[in-house]
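Chemist: Structure provided below as structure tokens; questions to follow.
The values are calculated or read from the model by the stated rules, or taken from the named source; none is laboratory data. Only a predicted model underlies this, so the values are computations on that prediction, with no experimental measurement involved. Ideal geometry is used to build each Cβ from the backbone, glycine not excepted, and the neighbour counts take in all protein chains shown. The area values use the complete protein model at the heavy-atom level, side chains included, leaving out ligands, DNA and RNA. Shrake-Rupley method; radii C 1.70, N 1.55, O 1.52, S 1.80 Å.
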Amino acid sequence: VASNLAGLSVRRLIGGGTGGAGGLANVSFLTPLRLAELLAADALPGHPLTNAVLAAAARRVLRRRPEPFGRVADHHASEAAVVALYAELSRLRPETLHRPGRLDEKTAALVGIHRAVQAELGERFYDEDARARAAGERLHADPDGAAALLGRVIWFLPERLSPAQLALVAGAVADLVI
């Protein structure tokens with residue numbers, strides 16, 4: 001499902017008998033993030049990346065490397081821009097991250113800031129796409145274990161996903177649907 005609220009709503013509608021006879025047994029409605037969380041449990045070192053940790057990393061990077069923000073590097077809007085930049089660029093496949101940096105100097109500087117934030121976070125934290133990639137690897141390495149954990153998988157009303165999330169969901173649907 002697209003969100004936890006959507007899953008809860010569907011569960012209540014079906015379980016309450018709105019669409020016919022009521023009742024559900026042993027059914028889970030999962031977001032792609034929760035699906036990745038289930039499959040990648042204990043597969044990644046460190047801790048999940050939180051907004052607070054990401055903002056702190058952005059502040060540290062801006063203090064050390066203010067360009068291209070210059071005199072406004074210490075403004076909270078600059079921090080928010082770096083957080084948004086990280087959110088956008090972290091969804092790229094690792095092998096394609098170098099491409100935007102070839103466009104021009106300013107774009108290269110922004111890719112450099114993204115890489116500096118990544119270095120600041122290091123191996124201590126992992127983001128949603130790292131978790132999705134780890135879950136996809138587990139799914140392909142141990143499809144029987146994943147099938148035992150998840151059961152049947154139905155993907156209903158797909159939403160826009162990052163490449164890592166899309167690969168995970170496509171793999172789960174292809175490998176586990178009976």
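Chemist: Taking the options THR96, THR107, name whichever one is closer than 26 Å to ALA132 by Cβ, of a type outside the set (Gly, Ala, Ser) and touching a Pro at 6+ places or on another chain (Cβ under 8 Å).
Modeler: Numbers: THR96 fails: touching a Pro at 6+ places or on another chain (Cβ under 8 Å).
On inspection, the qualifying residue turns out to be THR107.
Chemist: Shifting gears a bit: In segment 67-110, what count of residues is obtained for those that are in a loop (DSSP other than H, G, I, E, B) and of a type in the set (Lys, Arg)? Break it down into steps so the answer makes sense when it comes.
Modeler: Initially, segment 67-110 is screened for residues in a loop (DSSP other than H, G, I, E, B), giving 67-69, 73-75, 90-93, 97-99, 103-104.
Of the ones still in play, those that are also of a type in the set (Lys, Arg) are 91, 93, 99.
Looking only at that region, the number is 3.
Chemist: Tell me yes or no: at least one residue of segment 148-162 is within 20 Å of ALA57 (Cβ to Cβ) and under 15 Å from the mean Cα position of the chain (by Cα). Steps first, answer last, please.
Modeler: Let us first name the residues in segment 148-162 that are within 20 Å of ALA57 (Cβ to Cβ), namely 162.
Narrowing the set further to residues that are under 15 Å from the mean Cα position of the chain (by Cα) leaves 162.
Yes; the residues of segment 148-162 include at least one that is within 20 Å of ALA57 (Cβ to Cβ) and under 15 Å from the mean Cα position of the chain (by Cα).
Chemist: Identify, from the list VAL10, VAL1, the residue that is modelled with pLDDT under 85, open to solvent by less than 60 Å² (accessible area, probe 1.4 Å) and not in a helix (DSSP H, G or I).
Modeler: Details: VAL10 fails: not in a helix (DSSP H, G or I).
Answer to the check: VAL1.
Chemist: A follow-up question, please. Could you list, in sequence order, the residues of segment 53-66 that are open to solvent by less than 80 Å² (accessible area, probe 1.4 Å) and assigned to a helix (DSSP H, G or I)?
Modeler: The answer is VAL53, LEU54, ALA55, ALA56, ALA57, ALA58, ARG60, VAL61, LEU62.
Chemist: I would also like to ask the following. Which one is nearest to LEU168 (Cα to Cα) among residues in segment 101-119 that are of a type outside the set (A, V, I, L, M, F, W, C) and open to solvent by 30 Å² or more (accessible area, probe 1.4 Å)? If you could, list the steps in order and put the result at the bottom.
Modeler: Let us first name the residues in segment 101-119 that are of a type outside the set (A, V, I, L, M, F, W, C), namely 101-102, 104-107, 112, 114-115, 118.
When the remaining residues are screened for being open to solvent by 30 Å² or more (accessible area, probe 1.4 Å), the result is 102, 104-107, 115, 118.
Numbers: ARG102: 29, ASP104: 33, GLU105: 34, LYS106: 33, THR107: 29, ARG115: 24, GLN118: 22 Å.
So, considering only residues that are of a type outside the set (A, V, I, L, M, F, W, C) and open to solvent by 30 Å² or more (accessible area, probe 1.4 Å), the one nearest to LEU168 (Cα to Cα) is GLN118.
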